[in-house]
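Remarks on the structure that follows.
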Amino acid sequence: MRNPTFLDFFLLTVLALIWSSAFFNIKIATYAYGPVTIAFLRSFFAAIPLIIICRIKKIKIEAFSKDWYWFASIGVINLVIPFFLIAYGVQNVQSNLAAILMASTPLTAVILAHLFTKNEKMNVTKSIGILIGFSGIVFLFSDKILINENNLLSAFLILFGSCFYVIGGLLTLKITNKKNENVTTSIVIWATLVLFPICIFVEQPWNMIPRIDSTISLIYLGVFSTGFAWLLRFYILKNNGLVFQAQVAYLIPIFGVVLGFLFLQEQITSRVIISLAAVIVGIYIVRKGSAIETV
């Protein structure tokens, strides 16, 4: 791996901005579309650039190969379920809350990795980081200005959705011998296929009244926040490694809060700031704990 350059840090920042911008765009998409439709169109628009890239690079897409059940399973767990839960939850909470709740993903990953992998066990440092990070999440739920009895379930659904990202990541370890472009494209194809009939029968999208802003946000979510962001992530991973790319976790909740304020005029309460700080500190300590293991 090469030493990070200014361009590498710039691209990492761009990746964080693209991923964090997904939250307020999901919020805008909910103005006109239902959560299943949002999940389906997000997958559909993401599949287009990924398929094109595979064709250009002459990478075989194995979505319907003998390992189809792995791609289908990961597609449902890593895309279908979280895409739906997040879109459903964001209908009733601010997008900046979603950004902070989703930032708990690295913390959840440490717990599940300890339970289901052999070489990523918990240690004291990681445990402290997890406690601090999740204390920030718990504190966020005490903000009665933004979370109340009317949207409490929505907030929990977003938090629950983040867990499926982690579970999907663990399942992806089963097919690490395949090219990343092939794996991601195959997973997105299966997610699109699974969501299409559900979208048709559950929400009848032809009865919805489209809005220009919601439609633009949906296209952006698919092409950029899902498709292009994944390609950028792969580029950073390939050139700088997982440790460098993982630093994006610190930036996403910060950008998510700022973008929610700038584009949707969402409230930033003192509890939001404290919770955000606790989550970021927790992630940092967990990363330090992981670094200790590799020394």
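Note on the chain: the alpha carbon radius of gyration divided by the globular reference 2.2 N^0.38 Å gives 0.97.
With the helix formula -39500 (n - 2.57) applied to DSSP H stretches of n ≥ 4, the chain reaches a computed 222 nm mean residue ellipticity of -24000 deg cm²/dmol.
Think of region 6-294 as having a plus end and a minus end, set by charges on the Cβ of Lys, Arg, Asp and Glu; of Trp206, Ile59, Gly75, Ile59 sits farthest toward the positive end of this dipole.
Going by the alpha-carbon gyration tensor, a ≥ b ≥ c the square roots of its eigenvalues, is region 176-295 rounded (a/c under 1.5) or, if a/c is not under 1.5, prolate (a/b greater than b/c) versus oblate? Oblate, because a/c is 1.5 or more while a/b does not exceed b/c.
The residue among Phe263, Pro49, Ala87 whose Cα reaches farthest toward the positive pole of the charge dipole of region 6-294, with charges on the beta-carbon of Lys, Arg, Asp and Glu, is Pro49. Magnitude of the charge dipole for region 6-294, about its Cα centre and with charges confined to Cβ atoms of Lys, Arg (+1) and Asp, Glu (-1), is about 760 debye. The peptide list 267-280, 45-58, put in order of mean Cβ contacts within 10 Å with the highest first, becomes 267-280, 45-58. In the chain, with Lys and Arg counted as +1 and Asp and Glu as -1 at Cβ, which of these residues, Asn240, Leu159, Gly289, has the Cα nearest the positive end of the dipole, that is, farthest along it? Positive-most Cα among the choices belongs to Asn240.
Only the coordinates and a few stated rules stand behind these numbers; no lab work does. Only a predicted model underlies this, so the values are computations on that prediction, with no experimental measurement involved. Positions of Cβ are backbone-derived with ideal geometry, glycine not excepted, and every protein chain shown enters the neighbour counts.
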